[in-house]
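Have a look at the structure below, then the notes.
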Amino acid sequence: MAEVAYVSASRVFAGNPPVRAVDKLELDVADGEFLVLVGPSGSGKSTALRMLAGLEDVDEGAIKIGGKDVTNVPPKGRDIAMVFQSYALYPHMTVAENMGFALKLRGTSKAKIKEKVAEAATMLDLTKYLDRKPKALSGGQRQRVAMGRAIVREPSVFLMDEPLSNLDAKLRVETRANIAALQQRLGTTTIYVTHDQVEAMTMGHRVAVLKDGLLQQCASPRELYDRPANAFVAGFIGSPAMNLKTVPLVAGGAQLGGLTVPLARTVMEDASVSGLKEVTFGVRPESLTVVGSDEDGMELTVELVEELGADAYVYGSVRIGDVPERFIVRVDGRTPPAFGQVVKVALRNAGEIHLFHPDSGARLDG
């Protein structure tokens, strides 16, 4: 086991202009931590993982594993094990042979290999499949074989590059829980790449959000959800996404449709000093609630209702100035409003709003 550090690490691809796929990444991963790298396609998350594995050059800065600078160390000298999206199993080998192949290359004795493979197979519920070849396995079983191959090596660091992408939705949910539990049991430092923010939020001790090669925020899942550092993180983390709207500032606060939302005095003062006439206002679907027609609120015209059993998500439009803006509201799944109905919506709690700079996207309310 070992801690990992990206020290202003960059990967720059030639072009006109050059493309900074990973730009001065500063990130420390503690010994035994499960860190998830998440972001949209092209954000640099897989490139960052491949830099750590030694599969991509580090053009600027350094990468350290266990305090040792491995920037120029070849992959085989980094004591890492990688699990790929494609599983990368040898089709002509049995499950046992696939799992023990790396140990065979090291010159490990047959008895030791058998012992290690049996131990990993028990852990992953693969014992009865050890004599099968990959073509006789399901996608989930192949993924577990790839995990087992990494486990038997007992590396300092596990690297996982979207290992669940080829699985169906139900199996993906089950397998991500198994991976998280396994990592807790082994205590091996793990860096996991995914584009799925739900996967990131349910698996990682901490989550690092990347966009265009730049680290936006690295924090616990709860902190990312409750205190996103900027509008990008706010809109990326959460399903459905946070409602983010640019709204005018008025004397009493922020004007949100027919609702004036009071803002903290410090926010109003800072906005005045900066000359801001509007802000990007964020509120999550569960922080909005349907109220009575005689109460203060925004008039929302229902355009779509997603019924999910206990909950339902209402998609509708609210006029902000002369422009209709779409909002998502979580409601009781047993009594959702009907399509075309006009309902009034208000904030559940004024403390659950988020404010961001309309241009930079930086958080305004501390």
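The values are calculated or read from the model by the stated rules, or taken from the named source; none is laboratory data. From a predicted model like this one, the values you see are computed outputs, not experimental measurements. Positions of Cβ are generated from backbone atoms using ideal geometry, with glycine treated the same way; all protein chains shown enter the neighbour counts. Just the protein is used for accessible areas: all its heavy atoms, side chains included, with ligands, DNA and RNA removed. Shrake-Rupley method; radii C 1.70, N 1.55, O 1.52, S 1.80 Å.
Quick check, is residue 58 at pLDDT 95 or above and either surrounded by 20 or more Cβ atoms within 10 Å (Cβ to Cβ) or not small (Gly, Ala, Ser) (or both)?
Working: at pLDDT 95 or above: yes; either surrounded by 20 or more Cβ atoms within 10 Å (Cβ to Cβ) or not small (Gly, Ala, Ser) (or both): yes.
It is true that residue 58 is at pLDDT 95 or above and either surrounded by 20 or more Cβ atoms within 10 Å (Cβ to Cβ) or not small (Gly, Ala, Ser) (or both).
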Exercise. What are the residues in the stretch 293-316 that are under 14 Å from residue 346 (Cα atoms) and open to solvent by less than 30 Å² (accessible area, probe 1.4 Å), if any?
Worked result: 297, 298, 300, 314, 316
Exercise. What residue, among those in the stretch 183-207 that are assigned to a helix (DSSP H, G or I), aliphatic (A, V, I, L, M) and surrounded by 18 or more Cβ atoms within 10 Å (Cβ to Cβ), is nearest to the chain's Cα centre (by Cα)?
Worked result: 200
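How about the stretch 150-172: which of its residues are at pLDDT below 85 and of a type in the set (A, V, I, L, M)?
Going residue by residue through the stretch 150-172, those that are at pLDDT below 85 are 164-172.
Correct list: 164, 167, 169, 171.
Name the one entry in 278, 286, 295, 269 that is of a type in the set (Asp, Glu) and within 27 Å of the chain's Cα centre (by Cα). Don't jump to the end; show me each part of the working.
Details: 278 fails: within 27 Å of the chain's Cα centre (by Cα); 295 fails: within 27 Å of the chain's Cα centre (by Cα); 269 fails: within 27 Å of the chain's Cα centre (by Cα).
Every option except 286 fails the conditions.
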Exercise. Just one of the numbered conditions (1) among the aromatic types (Phe, Trp, Tyr); (2) over 26 Å from residue 220 (Cβ atoms); (3) buried (at least 21 other Cβ atoms within 10 Å of the Cβ) is not true of residue 13; which one?
Worked result: (3)
Problem set entry | Any chance residue 363 is touching a residue at least 40 places away in the same chain (Cβ under 8 Å) and open to solvent by 70 Å² or more (accessible area, probe 1.4 Å) | no
For this session: Within the stretch 317-337, work out how many residues are closer than 15 Å to residue 258 by Cα and out of contact with any helix residue (DSSP H, G or I) (no Cβ under 9 Å at 6 or more places or on another chain).
Result: 10
Seminar exercise, completed: For strands (runs of 3 or more DSSP E) lying entirely in the stretch 208-275, having 2 or more residues that are touching a residue at least 40 places away in the same chain (Cβ under 8 Å), under 30 Å from residue 5 (Cβ atoms) and out of contact with any Pro (no Cβ under 8 Å at 6 or more places or on another chain) picks out 214-219
